[in-house]
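Take a look at the structure set out below.
The values are calculated or read from the model by the stated rules, or taken from the named source; none is laboratory data. Treat the numbers as computed from the prediction; the structure is a model and nothing was measured. Quick reminder, even Gly has a Cβ in these numbers, built from the backbone with ideal geometry, and neighbours come from all protein chains shown.
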Amino acid sequence: MKWILVVLMVSTQAFANISKAPVSFNSGANKAIFVDFTRVETTITYNLDNKKVLAETHIEFTASEKGSPLFDVVPSIKTATLNGKHVKITKIADPSKITEYRMVSAEIEAGSHKLMVRNEFDENVDFKGSYVSSAFWMSDLTDRKYLERYIPANLEFDQYQMTLNVKVIGTKKAELHEVFANGIITKNALNDFTIVYPEYFTTSSYFFHMTKKDRFPRSTFNFQSNSGKVVPVIIYAKYAYELKDAVKSTKEVLAELEAKIGAWPHPSLTIYVAGRGGMEHSGATITSLWALQHEICHSYFARGVMPIDGNSGWMDEAIASWRDDGYKSAKLPNFSTTRMSGQSNYKRFTDRKAYTEGANFMAYLNHKLSKQGGLIKFLAHMHNTYSQQNISTQIFKKELEMYSGMDFTADFKKYILGSKSEKNHKHSHAKKNNPYHPQLSAKELKDLL
Ligand SMILES: [Zn+2]
């Protein structure tokens, strides 16, 4: 009985994931198909002698149709096998030419398969002689900047369990390393770790930072959540003098968000206070002291209730920026139209208008929902219903209509989905740099390691 239930749950989950994927498309003789990752294990080896990083990833996946499987990894691939046989992996653009993927050149039948990929990477890796620092720094404002920047991953529509093994080898004089991550960390041996990340994670969820042990000052405490659970919190910082304020600010925002939206949605909270602006992960963030509360809010919307693609990411920044602005109300939006969520279905990053027009649209929804207790009550409902799941704009709209009894079709069409004729869209969103998520230079990112 239990076994049947487990099988049913797994297959429902698998179906749910692939139903959120973009539409498969023709590529030459074969069909390029999106697939459902079921289990992933990656081993990353950092060699202090030759300063190379090698990743070997084993992916178990299910295809729901015949075709050539798509996935992504930005660094070049050394070798790959599919079901034990060597395969070529090619680069391929989506039909709207807004992004690129990797495609296994072999054609497979529907069913379960195994893919192995070996790649090297050097992004955000810093060899310092006797130790190495490395982190999965990410961005949701440019294309292909999630986990795929380092190791093979699926797109945001897919939630799957990943185990990450990390080893530092080479010189016998290697210093002790330590890992900060939003998964369960086990020390296997000296400089040999395993991190098991939660099953609900998508490519944009992971936090990983390894460096020399005890390099950063830190503060740890247990947060007693409304759910009854005790949440372990670790805050580490580049500069010790920021720790005290970071702890105060964290406790303040956790109390605010739990009271307004609901219980903390992740098993733990890891905060690295460093740099300008910040980036959110699921139950983790790298953030400046100034952006800390904005980034923790993202653990509810962005990395708690998660987007399925670039067209859904606007909700995350709109909600967090609406909170930053002080939960405002607006009788009407102060802009005429946007296509924040009306772009190519293959788009993988968030439109920057989300911070401004998006936040203003949330203020408008707050006004429209005033009889129902305002937008915050609706967001609490979304958190209760969809936490640890990924959603589209259409799901948000459908829930909003069911919750309020109002029809928002015209509003979404005008303010969020826009019309295909809106000109110069690509240029208008590319220029603005939001202070919460500024684009950092390669040197700035390396300084954070
Ligand atoms: Zn943000």
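Considering only region 12-88, give the strands (runs of 3 or more DSSP E) lying wholly within it that have at least 3 residues that are of a type outside the set (S, T, N, Q) and at pLDDT 95 or above.
Details: elements: 25-27, 30-34, 36-47, 52-63, 68-71, 77-82.
Result: 30-34, 36-47, 52-63, 68-71, 77-82.
Suppose we keep only residues that are out of contact with any Lys or Arg (no Cβ under 9 Å at 6 or more places or on another chain) and modelled with pLDDT of 95 or more within region 188-200. Which one would you say is farthest from GLY170 (Cα to Cα)? Outline the logic, then answer.
Taking region 188-200 and keeping what is out of contact with any Lys or Arg (no Cβ under 9 Å at 6 or more places or on another chain), we get 190, 195-200.
If we keep only those that are modelled with pLDDT of 95 or more too, we end up with 195-200.
Values: ILE195: 21, VAL196: 25, TYR197: 27, PRO198: 31, GLU199: 33, TYR200: 35 Å.
For region 188-200, the residue satisfying everything is TYR200.
Out of the residues in region 369-389 that are surrounded by 22 or more Cβ atoms within 10 Å (Cβ to Cβ) and either at pLDDT below 95 or away from the ligand (no atom under 16 Å from the Cβ) (or both), state the one that is farthest from SER321 (Cα to Cα).
Applying the first criterion (surrounded by 22 or more Cβ atoms within 10 Å (Cβ to Cβ)) to region 369-389 yields 375, 379, 382.
Checking which are either at pLDDT below 95 or away from the ligand (no atom under 16 Å from the Cβ) (or both) leaves us with 375, 382.
Numbers: LEU375: 14, MET382: 17 Å.
Taking the candidates together, the pick is MET382.
Checking the conditions here, which among LEU141, LEU115, LEU164 is modelled with pLDDT under 95 and either among the hydrophobic types (A, V, I, L, M, F, W, C) or part of a strand (DSSP E or B) (or both)?
Values: LEU115 fails: modelled with pLDDT under 95; LEU164 fails: modelled with pLDDT under 95.
Answer to the check: LEU141.
What number of residues in region 167-179 are part of a strand (DSSP E or B) and either among the β-branched types (Val, Ile, Thr) or within 30 Å of ILE395 (Cα to Cα) (or both)?
Here is the first cut: in region 167-179, the ones part of a strand (DSSP E or B) are 167-169, 177-179.
Cutting the leftovers down to either among the β-branched types (Val, Ile, Thr) or within 30 Å of ILE395 (Cα to Cα) (or both) gives us 168-169, 179.
So the count comes out to 3.
For residues that are under 19 Å from SER392 (Cβ atoms), away from the ligand (no atom under 15 Å from the Cβ) and part of a helix (DSSP H, G or I), tally how many sit in region 347-368.
Adding up the residues that qualify gives 2.
Of all residues being out of contact with any Gly (no Cβ under 9 Å at 6 or more places or on another chain) and within 11 Å of the ligand (Cβ to nearest atom) in region 317-332, which is farthest from GLN389 (Cα to Cα)? Just the residue, please.
Filtering region 317-332 down to residues out of contact with any Gly (no Cβ under 9 Å at 6 or more places or on another chain) leaves 320, 323-326, 328, 330-332.
Checking the rest, the ones that are also within 11 Å of the ligand (Cβ to nearest atom) come to 320, 323-324.
Details: ALA320: 18, ARG323: 22, ASP324: 24 Å.
This residue is ASP324.
If you scan region 180-216, which residues turn out to be part of a loop (DSSP other than H, G, I, E, B) and either at positive phi or more than 22 Å from the chain's Cα centre (by Cα) (or both)? Quick ask: steps written out before the conclusion?
Taking region 180-216 as the starting set, the residues that turn out to be part of a loop (DSSP other than H, G, I, E, B) are 182-183, 190-191, 197-207, 213-216.
The answer is LEU190, ASN191, LYS213, ASP214, ARG215, PHE216.
Among the listed residues LYS353, LYS328, identify the single one that is closer than 17 Å to HIS294 by Cα, more than 25 Å from the chain's Cα centre (by Cα) and among the charged types (D, E, K, R).
Exactly one of LYS353, LYS328 is closer than 17 Å to HIS294 by Cα, more than 25 Å from the chain's Cα centre (by Cα) and among the charged types (D, E, K, R), namely LYS328.
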